[in-house]
Structures are given as structure tokens and as C-alpha cells.
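Report on the structure given below.
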Amino acid sequence: MRWRLPRSGLLSGVAEGHWLWEPDSPAVRNAFQAAVDAGNRAHGPGTHWIEESHEGRAAR
């Protein structure tokens, strides 16, 4: 899961973050989707998303 949020004040700009890669499973996908939905409700549409590994497997 990744996110991008604006910052203001002395550290103004855009903050980007991510969680560690996790192997794809229904439980992980559901948990990340719930977090994405909550983040987008709290911070605005498109600020949180699920990003998939280009290799098709989890990278750590």
C-alpha cells in the first residue's frame, strides 16, 4: 500500500510512504483495501492505493 499526502509549514511539499511488500492473499488484499478506503475517505480521493510488484511476487 502506498500513499501521497501534502505537507505544510517548514516541511511543505508532498510526503510519500509505503508499507513493506506483502505476499498477495485474499486476507492481505482485503486488509490493504480497507486501509486504502479509510485513507482516501480521510485525506481525499487518490491519496492511497495498492501497488503491485512488477515481478508478480512480494519484494522485501
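The values are calculated or read from the model by the stated rules, or taken from the named source; none is laboratory data. Note that this is a predicted model, so its numbers are computed, not measured. Virtual Cβ from ideal backbone geometry, glycine too; neighbours counted across all protein chains shown. Calculation scope for accessible area: heavy atoms of the full protein, side chains included, ligands and nucleic acids excluded. Shrake-Rupley method; radii C 1.70, N 1.55, O 1.52, S 1.80 Å.
Any chance the range 28-48 includes a residue that's on the phi > 0 side of the Ramachandran plot and open to solvent by 40 Å² or more (accessible area, probe 1.4 Å)? Within the range 28-48, one or more residues are on the phi > 0 side of the Ramachandran plot and open to solvent by 40 Å² or more (accessible area, probe 1.4 Å). For the range 1-31, a tally of residues being more than 15 Å from residue 50 (Cβ to Cβ), hydrophobic (A, V, I, L, M, F, W, C) and assigned to a strand (DSSP E or B) returns 3.
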